[in-house]
Amino acid sequence: MPGNGLLETSPNYVINKAVAARFQQLPQPKDKVQVMYVWIDGTGQDLRAKSRTLDFIPTKPEELPVWNYDGSSTYQSQGENSDTFLYPVAIFNDPFRLAPNKLVMCETYKHDHTPTGTNHRKAALEAMTKAADQKPWFGIEQEYTLLDTDGKPFGWPKTGFPGPQGPYYCGVGADKVYGRDIVEAHYRACLYAGINISGENAEVMPAQWEFQVGPCEGISIGDHLWMARFLLHRIAEEFGIVVTLDPKPVPGDWNGAGAHCNFSTQIMRENNGIM
């Protein structure tokens with residue numbers, strides 16, 4: 001993608017991906033599976049991941065071992081008690097390493113096995129369990145912005161600004177949308193992973209996009225949304241691009257970004273409900 005400064009700002013962009021692909025094509029032993037554990041760190045918005053080898057193909061989270069990591073390096077513990085634990089809660093297919101390998105969304109727990117400060121899933125699951133008879137459905141529209149590693153929106157001129165907003169929303173054409181390859185790769189990867197992604201579109205500000213997850217029932221909306229976010233960051237990494245969920249990535253008269261939530265219960269969805 002010449003002309004946007006990537007060669008100067010992103011080391012990932014200049015790595016020869018064909019060389020890496022040679023090794024990804026090596027046969028995988030039939031008795032070995034690579035499993036990547038994914039979790040939310042102490043910022044409450046950034047994701048971390050690390051991998052391990054198993055000798056079986058997991059089909060449900062309960063089959064996976066609890067694992068640990070250094071929480072003092074993820075803003076989740078002090079150095080003297082840094083062991084922090086990963087409890088697997090949702091399994092997805094791995095679109096990078098391909099079958100039979102897996103991605104696993106995890107909850108995080110402190111050394112005393114109480115939830116970390118950013119483990120909000122535990123309380124959410126308790127609420128969803130109590131409300132299970134209402135069959136709550138969620139759909140979330142996640143907006144995001146693509147950036148060069150220098151912090152400038154991807155495709156924007158390095159000095160000045162693009163033309164005023166108007167032609168970019170759901171736009172088509174090289175002068176209206178930037179980074180569609182990333183968006184399409186993310187869409188297909190989510191489908192492969194088993195994430196209930198329901199669509200995508202270019203947003204109002206150039207270099208801004210949106211994907212939609214749902215409808216998902218109960219706690220699964222969080223698992224699917226966070227894994228979709230992980231895939232987005234991970235795929236953009238391949239292109240040397242940064243993804244931000246910042247609600248106002250560019251000051252001034254430029255569109256902001258959010259995660260719009262849609263909600264209904266079974267009664268709301270029935271005839272004469274309030275949908």
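The values are calculated or read from the model by the stated rules, or taken from the named source; none is laboratory data. These figures come from a predicted structure and were not determined experimentally. Every residue, glycine as well, gets a Cβ built from its backbone with ideal geometry; the counts of neighbours run over all protein chains shown. Ligands, DNA and RNA are stripped out before the accessible areas are found, and what is left, the full protein with its side chains, is counted by its heavy atoms. Shrake-Rupley method; radii C 1.70, N 1.55, O 1.52, S 1.80 Å.
From the list GLN142, GLN134, the lone residue that is touching a Lys or Arg at 6+ places or on another chain (Cβ under 8 Å) and among the polar types (S, T, N, Q) is GLN142.
The set of residues in the stretch 36-58 being outside any strand (DSSP E or B), within 21 Å of the chain's Cα centre (by Cα) and either more than 30 Å from GLY258 (Cβ to Cβ) or of a type in the set (Val, Ile, Thr) (or both) consists of THR43 alone.
The single condition from (1) open to solvent by 60 Å² or more (accessible area, probe 1.4 Å); (2) of a type in the set (Phe, Trp, Tyr); (3) on the phi < 0 side of the Ramachandran plot; (4) touching a residue at least 12 places away in the same chain (Cβ under 8 Å) that TYR69 fails is (1). Please tell me if GLU238 is of a type in the set (Asp, Glu), modelled with pLDDT of 95 or more and surrounded by fewer than 20 Cβ atoms within 10 Å (Cβ to Cβ). Considered against the rule, which asks whether it is of a type in the set (Asp, Glu), modelled with pLDDT of 95 or more and surrounded by fewer than 20 Cβ atoms within 10 Å (Cβ to Cβ), GLU238 comes out as no. Considering MET105, MET128, the condition of being in contact with a strand residue (DSSP E or B) (Cβ under 8 Å, 6 or more places away or on another chain) and in contact (Cβ under 8 Å) with a residue 12 or more places away in the chain is satisfied by MET105 alone.
Quick grid of which residues meet (1) in contact with a helix residue (DSSP H, G or I) (Cβ under 9 Å, 6 or more places away or on another chain); (2) surrounded by fewer than 17 Cβ atoms within 10 Å (Cβ to Cβ); (3) in contact (Cβ under 8 Å) with a residue 24 or more places away in the chain:
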site	(1), (2), (3)
LYS60	no, yes, yes
SER73	no, yes, no
GLU80	yes, yes, no
ASP83	yes, yes, yes
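The residues of the stretch 246-272 that are more than 18 Å from TRP156 (Cβ to Cβ), in contact (Cβ under 8 Å) with a residue 24 or more places away in the chain and open to solvent by 40 Å² or more (accessible area, probe 1.4 Å), listed by number, are ALA259, HIS260, CYS261, ASN262, PHE263, GLN266, ILE267, ARG269.
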